[in-house]
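Structure, as structure tokens:
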Amino acid sequence: MKIAIVGSGYVGLVTGTCFSDLGNEVICADSDNDKVELLKRGGVPIYEPGLAELISKNVKSGRLSFTTDIRKAVALSEVVFICVGTPPKEDGSADLTGIEKVSKDIAEHVDSYKLIVEKSTVPVETGEWVRRTIGKFSKSGSEFEIASNPEFLREGSAISDFINPDRVVIGVESKRAEKLLKEIYEPLNTNIVVTNIKGAEIIKHASNSFLATKISFINALSNICERTGADIEQVAEGIGYDSRINKHFLKAGIGFGGSCFPKDLKAFIHISQNLGYDFGLLKEVERINEEQKALAVEKIRRMLWNISEKVIGVWGLAFKPNTDDIRSAPALEIIERLLDEGARVRAYDPVAMDNSKKQLTSGKNIEFCSDIYDAAENADCIVVMTEWNEFKEVDWDRVKDAMTQPVLLDGRNMYDPVKLREMGFTYEGIGRGRGEPVLSL
Ligand code: UDX
């Protein structure tokens, strides 16, 4: 199949590359000349495990190419995926000007039947707007159809999520569109849920909102565990074995971040409002997430007495492991609060340092370090913000020696509280009770 991807950001690049790997002929278009030039030279503008290798393999095979010329991409393809960004506006609603712009661009170049598929996360009814816009600006009057095919890719594991999806959702309005999309996804041998366009748009909102709700639920529960002396890790295990609940997305921590959950949640609250329904549940999910970050700062204060003048070592900046993405990263928000209170921060992240430097440097009391031990140097407290694999094995004697006082806030519950307390650390996790060892006979 000949496929055009319009918008070669995170979603577009991963999707286009994976489609080409399935044997399709894919042309990825983007208006950013620098990005396209970089891709043509074999560079990759984002960090995603396995992506660089997969791009290189498919470029070499001739199935994947890049262009700034949307006209060429559309003209050469039967199916066109819209993958441009939909950033949040001040009021929380999604900014759809990018979608409108590419709809007009596509309209100008529709010269034979095309299936235009929205993949970007968009408010329900965007499909209708795309149809109207293309219809209005199309010069040839050629036949086209709209479909929705939301993505469920997680950063850091996007390629394996693409190859082994739990399901593929396609929102279509004709058998022809259904057949085309099913043909593209057939090699994945997965469940394909077919709905109308609005149904597919809502499935995307609902999936992300539900997952965010699970996280806020477990985070709220972690506060109850802390107050009662229970351990959230055990409680999560206990409820997670119930297949109706399941164990996924029950990891308590300093809150969710990233380019999707915070933005999509806001957008869905806004959409519901516009539809005349107050989705109060989701507002609470958002509030709990904000509170979780504030509570982390309160814990640091409780352990250190005053934050001002204290040296805080930060392990992890990315919003989650295996990505250099710092958009809405809890780490950065917490660091900003600590700096505002007069702390000195020593931060380390395996891949998100360059991005963080751009956002955090000017005039700020922050130093970027070479590893976790460097970040622990003279620290009054270490805060674990991201659960990177490489943070799992730690030489705690070395850390303790480096620190001014052995104080640790384990924001992702990576470590054994009993062991660390026995070593003399003042340890706090998220919802980890009062630290009594589990009794055994
Ligand atoms: C998410 C969705 O999972 C994906 O399907 C969608 O298409 C895009 O948004 P992503 O943002 O890459 O993917 O990350 P995800 O793994 O879902 O984590 C989001 C945030 O939730 C991270 O900050 C993570 O640390 C946090 N999280 C996740 C928790 O705090 N606890 C959990 O149990 C799971």
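The values are calculated or read from the model by the stated rules, or taken from the named source; none is laboratory data. Here the structure is a predicted model, which is why all the values come from computation and not from measurement. Because the Cβ atoms are built from the backbone with ideal geometry, glycine has one as well, and the counts that use them run over all protein chains shown. For accessibility, only protein heavy atoms count, side chains too; no ligands or nucleic acids. Shrake-Rupley method; radii C 1.70, N 1.55, O 1.52, S 1.80 Å.
All of Phe391, Phe368 fail the test of being open to solvent by 10 Å² or more (accessible area, probe 1.4 Å) and under 17 Å from Ala331 (Cβ atoms), apart from Phe368. Counting only residues that are open to solvent by 40 Å² or more (accessible area, probe 1.4 Å) and within 14 Å of the ligand (Cβ to nearest atom), which one in segment 144-162 is farthest from the chain's Cα centre (by Cα)? If we take residues in segment 144-162 being open to solvent by 40 Å² or more (accessible area, probe 1.4 Å) and within 14 Å of the ligand (Cβ to nearest atom), then Ser160 is farthest from the chain's Cα centre (by Cα). The C-beta contact set for segment 418-441 (first residue over 26 Å from Ala220 (Cα atoms), second residue at pLDDT 95 or above and surrounded by 14 or more Cβ atoms within 10 Å (Cβ to Cβ), distance under 8 angstrom, 6+ apart or interchain) comprises Met423/Trp396; Met423/Lys400; Met423/Pro406; Gly424/Lys400; Gly424/Pro406.
Could you check segment 126-162 and list, in sequence order, the residues that are within 24 Å of Glu100 (Cα to Cα) and among the aliphatic types (A, V, I, L, M)? Those that are within 24 Å of Glu100 (Cα to Cα) and among the aliphatic types (A, V, I, L, M): Val130, Ile134, Ile146, Ala147, Leu153. Of the residues making up segment 114-136, those that are in contact (Cβ under 8 Å) with a residue 12 or more places away in the chain and among the basic types (Lys, Arg) are Lys114, Lys119, Arg131, Lys136. Within segment 197-216, the residues that satisfy the criterion of being more than 13 Å from the ligand (Cβ to nearest atom) and open to solvent by less than 20 Å² (accessible area, probe 1.4 Å) are Ile197, Ala200, Glu201.
Test of understanding: among Asn223, Asn219, which residue is open to solvent by less than 40 Å² (accessible area, probe 1.4 Å), more than 14 Å from the ligand (Cβ to nearest atom) and under 19 Å from Leu295 (Cα atoms)? If you could, list the steps in order and put the result at the bottom.
Numbers: Asn219 fails: more than 14 Å from the ligand (Cβ to nearest atom).
Selected residue: Asn223, the only one of Asn223, Asn219 that is open to solvent by less than 40 Å² (accessible area, probe 1.4 Å), more than 14 Å from the ligand (Cβ to nearest atom) and under 19 Å from Leu295 (Cα atoms).
Beta carbons closer than 6 Å, at least 6 apart along the sequence or on distinct chains, never pair a first residue in segment 389-414 that is free of Cβ contacts under 8 Å to residues at least 12 places away in the same chain and outside the structural domain of Ile307 (by TED's automatic domain parsing) with a second that is outside any loop (DSSP other than H, G, I, E, B) and open to solvent by 20 Å² or more (accessible area, probe 1.4 Å). Within segment 163-196, being within 18 Å of Leu211 (Cβ to Cβ) and either assigned to a strand (DSSP E or B) or open to solvent by less than 20 Å² (accessible area, probe 1.4 Å) (or both) holds for Val168, Val169, Val193.
Do we find that Gly280 is crowded, with 22+ Cβ neighbours inside 10 Å and modelled with pLDDT of 95 or more in this structure? Even if it seems obvious, please write down each step before you answer.
Details: crowded, with 22+ Cβ neighbours inside 10 Å: no; modelled with pLDDT of 95 or more: yes.
No; evaluated as a whole, the condition is false for this residue.
Do you know which residues across segment 240-273 are open to solvent by 50 Å² or more (accessible area, probe 1.4 Å) and either free of Cβ contacts under 8 Å to residues at least 12 places away in the same chain or within 12 Å of the ligand (Cβ to nearest atom) (or both)? Listed by number, the residues that qualify are Tyr241, Ser243, Arg244, Ile245, Asn246, Lys247, His248, Phe249, Lys251, Gln273.
May I ask you to list the residues in segment 328-354 that are hydroxyl-bearing (Ser, Thr, Tyr) and surrounded by fewer than 19 Cβ atoms within 10 Å (Cβ to Cβ)?
If we filter segment 328-354 for residues that are hydroxyl-bearing (Ser, Thr, Tyr), which is where we start, we get 328, 348.
Listed by number, the list is empty, since nothing qualifies.
Within segment 370-415, being among the basic types (Lys, Arg) and over 21 Å from Lys299 (Cβ atoms) holds for Lys392, Arg398. Selection of segment 207-236 for residues being within 19 Å of Lys119 (Cα to Cα) and touching a residue at least 60 places away in the same chain (Cβ under 8 Å) yields Asn208, Ser209. Scanning segment 1-38 for residues that are open to solvent by 10 Å² or more (accessible area, probe 1.4 Å), assigned to a helix (DSSP H, G or I) and either within 13 Å of Val79 (Cβ to Cβ) or out of contact with any Asp or Glu (no Cβ under 8 Å at 6 or more places or on another chain) (or both) returns Asp21, Asn33, Asp34, Lys35, Glu37, Leu38. Does Asn322 satisfy being assigned to a loop (DSSP other than H, G, I, E, B), at positive phi and open to solvent by 20 Å² or more (accessible area, probe 1.4 Å)? Judged against the criteria, Asn322 is a match. Tallying residues that are more than 16 Å from the ligand (Cβ to nearest atom) and either of a type in the set (Lys, Arg) or under 20 Å from Ile215 (Cβ atoms) (or both) within segment 302-346 yields 5.
With the condition being in contact with a strand residue (DSSP E or B) (Cβ under 6 Å, 6 or more places away or on another chain) and within 20 Å of Gly255 (Cα to Cα), I'd like the strands (runs of 3 or more DSSP E) fully within segment 332-413 carrying at least 1 qualifying residues. Lay out the reasoning, then the answer.
Numbers: elements: 344-348, 366-368, 381-384, 407-410.
Here the list reads 344-348, 381-384, 407-410.
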